[in-house]
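Inspection log for the structure reproduced underneath, given as structure tokens.
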Amino acid sequence: MVCTHPRQNRLWPQLVLAALLWAFVAGVGATTLHRSVGPEPDALDIHLAQSLSALNVLRDLHQGLVVFDARARPIPGIAKAWSVDASATVWTFELDTNARWSDGQAIVAADFVRGWRRAVNPATGSPVAGLLEPIKNARAIRRGQAAVESLGVKAMGLHRLQVTLEQATPWFEELLTHPVMAPWSGEDKRFSGAYTLVERLPGAHLRLQKNPHHVGADQVQIAEVMWHVIEQPSVELARFRADQLHITETIPPGRMDWLETHMAPSLRIAPYLGSFFLAFNVENPTFRGQAALREALSLVIDRDRLTRQVLGAGEQPAYSLIPPSLPGWAAPPPFTQAPRAARIEKAKALYAQAGYSEDEPLKVELRFNTSLNHRRMAAAVGAMWREHLGVHTRLVNEEWKVFVTNRRQGRITEVVRGGWIGDWQDAANFLQLFVSDSPLNYTFWQDARFDQLMQQAKSQTGQARLATLAQAEQRLIDAHVIIPLYYYVSRHLVKPNVKGWEDNLMDIHLSKWLSLE
């Protein structure tokens with residue numbers, strides 16, 4: 001006979017019931033999809049959100065003129081058709097007359113005009129407003145040099161929208177899939193996507209339910225989506241193995257061999273359009289005008305060791321900004337052609353040239369947001385700096401929203417964790433981060449020649465444009481404004497009963513394309 005505490009006896013039926021209910025929710029045949037979103041989304045306002053976690057949720061809640069299919073290919077969304085004039089600068093969209101907000105009200109052309117004007121309005125302070133700059137006057141409006149009403153977007157009746165661009169923009173169709181380009185009603189609880197937000201518990205989860213007014217709702221098979229906030233990959237793995245998650249956001253570092261052996265049917269590793277780097281605040285007195293010092297800190301980092309031994313999840317060493325997986329892009333040759341010993345000796349000479357030594361070492365803060373991967377990366381980089389140069393590194397770990405605010409303002413930052421995931425498949429999407437007046441330029445680097453090259457590329461096409469962008473990237477790399485560390489791969493655990501998942505370069509997987517077997 002097993003003796004138990006009386007209180008345990010009273011709780012036991014409740015615990016059994018909870019376990020059975022959870023098994024039903026997470027198991028085969030469930031109508032609720034459980035996904036990890038990673039860190040807490042920074043915002044759920046389509047004009048203020050910039051974190052990957054926020055954008056993934058917003059793609060479920062909002063839909064623009066164009067959407068991505070399961071393979072991240074642009075297909076009609078709220079626009080059922082569109083045409084482009086001979087100059088490729090005037091786009092005319094015919095909206096689906098059946099498109100509805102989540103409360104059943106019609107989505108009309110004026111909703112796009114309202115939303116896009118709010119996005120570029122300087123008063124909004126949108127960190128992603130630069131994505132609208134292909135649209136006529138958007139750049140001038142963001143700078144306060146033109147009225148918001150002058151934006152090149154016009155409602156031609158209820159269901160026709162005309163957009164005028166500054167110049168031909170080959171990737172504009174793909175850009176329209178970004179949540180910032182969705183319509184905006186002015187109300188937080190109206191959604192244009194396949195799902196509506198019914199509950200948000202900060203630090204825990206976001207619960208979404210199928211939007212019955214969504215066009216194509218009859219084809220959406222998942223009735224409810226639970227996006228779970230989980231900052232630690234090890235916790236994701238534990239919950240996945242306990243059948244509490246169908247899809248993880250990532251996998252734990254250093255566990256690739258184990259995962260390949262024990263979780264092979266669920267492991268999904270694929271090329272991904274993303275780069276991870278460290279960014280210098282070049283306006284900070286320590287690094288202002290100190291390109292040689294910045295280069296020294298870059299030279300001593302062993303990317304191969306970092307990706308293979310520290311991270312160990314399939315990442316590829318990076319020596320430039322733009323991922324080599326970008327179709328049609330030729331990455332510049334890495335500086336690893338010189339033997340590592342020679343690179344370290346050069347770094348030591350540059351370090352001394354900058355005025356530092358073993359007796360007078362550089363003291364620097366390396367700032368990053370909460371993540372086991374980021375902590376391991378930062379510790380490894382700090383150790384390499386200390387081993388080869390004698391640098392004293394203080395690691396500063398901050399919650400995401402605090403980190404983003406400090407990084408954007410730049411008052412206290414020295415070296416920060418940076419990175420970018422492509423919003424569309426184009427090199428300019430990565431390089432635009434470093435244009436002098438970009439709201440995402442947290443290096444605070446200003447280079448007239450770089451800006452000129454980026455502006456020049458806007459009026460070019462084909463190989464001429466790629467050559468100009470390659471010059472811009474090389475100028476950025478030569479200035480040692482960032483330390484490229486690695487290129488991302490998409491890495492998830494996906495339960496075998498999840499159907500409709502398609503690996504793709506953008507690593508975008510809308511819940512409406514998925515189903516549970």
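What does the accessible area per residue of the stretch 181-283 come to in Å², with a 1.4 Å probe and no ligands, DNA or RNA counted? Walk me through the intermediate numbers first.
Details: 4350 Å² over 103 residues.
For the stretch 181-283, the solvent-accessible area averages 42 Å² per residue.
Leaving ligands, DNA and RNA out of it, report the carbon-plus-sulfur percent of the accessible area of the chain at a 1.4 Å probe. Spell out each step's value before the answer.
On the way: 11290 of 21860 Å².
Carbon-and-sulfur percentage of accessible area, whole number: 52.
Could you tell me the convex hull volume per residue, in Å³, taken over the Cα atoms of the stretch 102-235?
On the way: hull volume 20.9 nm³, N = 134.
Considering the Cα atoms of the stretch 102-235, their hull volume per residue is 156 Å³.
Please list HIS62, HIS262 from largest to smallest accessible area, probe radius 1.4 Å, with all protein chains kept in place. List each step's numbers first, then the result.
Details: HIS62 30, HIS262 110 Å².
Most to least solvent-accessible, the answer reads HIS262, HIS62.
Hey, what's the per residue convex hull volume over the C-alpha atoms of the stretch 358-490, in cubic angstrom? All intermediate terms of the calculation are to be shown ahead of the outcome.
Numbers: hull volume 18.4 nm³, N = 133.
In the stretch 358-490, the Cα hull volume divided by residue count equals 139 Å³.
Starting from the residue with the highest accessible area, list LYS346, LYS363 in decreasing order, probe 1.4 Å. Before the final figure, lay out the partial values.
Details: LYS346 100, LYS363 140 Å².
In descending accessible area the options line up as LYS363, LYS346.
For LEU278, list long-range residues whose amide hydrogen, built 1.01 Å from N in the peptide plane, is under 5 Å from its own amide hydrogen.
So LEU278 has HN proximity to GLY418, ILE483, LEU485.
Per DSSP H run of n ≥ 4, the term is -39500 (n - 2.57); total these for the chain, divide by its residue number, and report the mean residue ellipticity at 222 nm rounded to 500 deg cm²/dmol.
Working: 14 runs with 151 residues, N = 517.
Helices in the chain give a 222 nm mean residue ellipticity of -9000 deg cm²/dmol.
With every protein chain left in place, what is the accessible area per residue of the stretch 90-156 in square angstrom, probe 1.4 Å?
Values: 2570 Å² over 67 residues.
Per residue, the stretch 90-156 has an accessible area of 38 Å².
Could you tell me the relative contact order of the chain? Use alpha-carbon pairs under 8 Å, at least six residues apart, and round to a whole percent.
Numbers: 1036 pairs, mean separation 102.8, N = 517.
RCO, the chain: 20 percent.
What value in Å³ per residue do you get for the convex hull of the alpha-carbon atoms in the stretch 157-242?
With only Cα atoms used, the stretch 157-242 gives 197 Å³ per residue.
Roll a 1.4 Å probe over the protein heavy atoms and report the accessible area of ILE477 in Å², nearest 10.
30 Å²
What shape does the stretch 39-186 take by its C-alpha gyration tensor, where a ≥ b ≥ c are the square roots of the eigenvalues and a/c under 1.5 counts as rounded, a/b above b/c as prolate, and the rest as oblate? Mind showing how you got there, number by number?
Details: a/c = 1.35, a/b = 1.05, b/c = 1.28.
Since a/c stays below 1.5, the shape of the stretch 39-186 is classed as rounded.
Assuming a strict under-16 Å limit between Cα atoms, what lysine pair count do you get for the chain once near-sequence pairs (fewer than 8 apart, same chain) are dropped?
Values: LYS136/LYS154; LYS136/LYS458; LYS189/LYS210; LYS210/LYS512; LYS348/LYS363; LYS499/LYS512.
Here the count comes out as 6.
Just to confirm the filter: which GluC sites (Glu not before Pro) across the stretch 155-195 are DSSP coil and have at most 13 other Cβ within 10 angstrom of their Cβ? Display every interim value, and only then the final one.
Numbers: sites: GLU166, GLU173, GLU174, GLU187; in loops: GLU166, GLU187.
Loop-located and lightly packed - GLU187.
On a 1.4 Å probe surface of the protein chains, which of GLU249, GLU360 comes out largest in accessible area, and what is the full order? Could you put the intermediate results ahead of the total?
Working: GLU249 40, GLU360 120 Å².
Accessible-area ranking of GLU249, GLU360, largest first: GLU360, GLU249.
Using the C-alpha gyration tensor of the stretch 423-467, what are the square roots of 5 times its eigenvalues, in whole angstrom, with the largest one first?
Values: eigenvalues 74, 34, 9 Å².
The answer is 19, 13, 7 Å, longest axis first.
Report the trypsin sites (Lys or Arg not before Pro) located in the stretch 369-407 that are in a DSSP loop and have at most 12 other Cβ atoms inside 10 Å of their Cβ, or state none. Walk me through the intermediate numbers first.
Numbers: sites: ARG375, ARG376, ARG386, ARG394, LYS401, ARG407; in loops: none.
Those that pass, being in a loop and sparsely packed, number zero.
Around GLY274, with a cut-off of 12 angstrom between Cβ atoms, what is the net charge of the other residues, counting Lys and Arg +1 and Asp and Glu -1?
Numbers: positive: ARG491; negative: GLU315, ASP423, ASP507.
Neighbourhood net charge equals -2.
Summing Lys, Arg as +1 and Asp, Glu as -1, what charge do residues with Cβ under 14 Å from the Cβ of THR248 carry, THR248 excluded? Could you put the intermediate results ahead of the total?
On the way: positive: ARG35, ARG239, ARG241, ARG255, ARG268, ARG491, LYS495; negative: GLU231, GLU236, ASP243, GLU249, ASP507.
In short, +2.
Test of the criteria: in the stretch 102-158, which trypsin sites (Lys or Arg not before Pro) are in a DSSP loop and have at most 14 other Cβ atoms within 10 angstrom of their Cβ?
Working: sites: ARG114, ARG117, ARG118, LYS136, ARG139, ARG142, ARG143, LYS154; in loops: LYS136, ARG143.
For trypsin sites (Lys or Arg not before Pro) across the stretch 102-158 that sit outside H, G, I, E and B with at most 14 neighbouring Cβ atoms in 10 Å, the list reads ARG143.
Using amide H atoms built in the peptide plane, which far-off residues or other-chain residues are under 5 Å from GLN50 H to H?
The answer is ASP42, ALA43.
For the stretch 394-466, with every protein chain kept in place, what is the accessible area per residue (1.4 Å probe, Å²)? Intermediate values should be presented prior to the final figure.
Working: 3090 Å² over 73 residues.
Heavy-atom SASA per residue in the stretch 394-466 reads 42 Å².
Between the stretch 432-489 and the stretch 171-224, how many Å separate their Cα centres?
33 Å
The values are calculated or read from the model by the stated rules, or taken from the named source; none is laboratory data. Bear in mind the structure is a predicted one, so any value in this text is a computation, not a measurement. No Cβ is skipped: glycine too gets one built from the backbone with ideal geometry, and neighbour counts run over all protein chains shown. Only protein heavy atoms, including side chains, enter the accessible area calculation; ligands, DNA and RNA are left aside. Shrake-Rupley method; radii C 1.70, N 1.55, O 1.52, S 1.80 Å.
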